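Note sheet for the following structure.
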Amino acid sequence: MGSYVEPRTARRKIETIDGVERIRIPMRRNWFVMLFLPVWLTGWAAGWIAVAGQLMTTGFQPFLALWLSFWTVGGIAAISILVMQFWGSETIVVQGGDLEIRSGAKPFVRTWRYRGSAIRNLQSAAPANDVFGMRRRPTPFWMRPQSGAVRFDYGAETMYAASGVDEPEGREIVTWLAKRLPAAAREIE
């Protein structure tokens, strides 16, 4: 007779900071990204230093300056992804009947605020899979999530939150939100 599979504990943590209760969901870790990006960034830095040095010694060259600009943006994006993998989280707060969702890790944080009176159809959802049936990668912190275990209508759009948890935990988050948001958020239109 085999042993039982132990149930997984919740990923979310309910915290109270300055008298305000919030849910914090750590970023889902991707170990390949966490191991690969530092190596890639080493090569990126070598390329950046070489081109910056060339620009400084040979004078301004439009192509190299443009290349260095795009190279810098790519490096910043890679650094932000790495920071998110180690320290990133999504924070859900309800204050004054309004919903605030923060995604990121300092200094890479993006905040979305929603009027509680405009939220409708608050419900849990199964996070979407990609075309290969694998769990969709987390959305970069600067983009609004396109999938998550919590969803709601906001005007003519569907918004998502809690992309780092599965649907059962999403139901628990919806219950937590429903107690704090205006009653109209639970109305199905």
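Each value in this text was obtained by applying a stated rule to the coordinates, not by laboratory testing. Fair warning: this is a prediction, and the values are worked out from it, not measured in the lab.
Most fluctuating residue of GLY116, GLY164, GLY104 in a GNM of the chain with Cα springs under 10 Å: which is it?
Largest GNM mean-square fluctuation: GLY116.
Which angle between 0 and 90 degrees, to the nearest 10, do you get for helix 31-58 versus the longest principal axis of the chain when only C-alpha atoms count?
Value to nearest ten degrees: 40.
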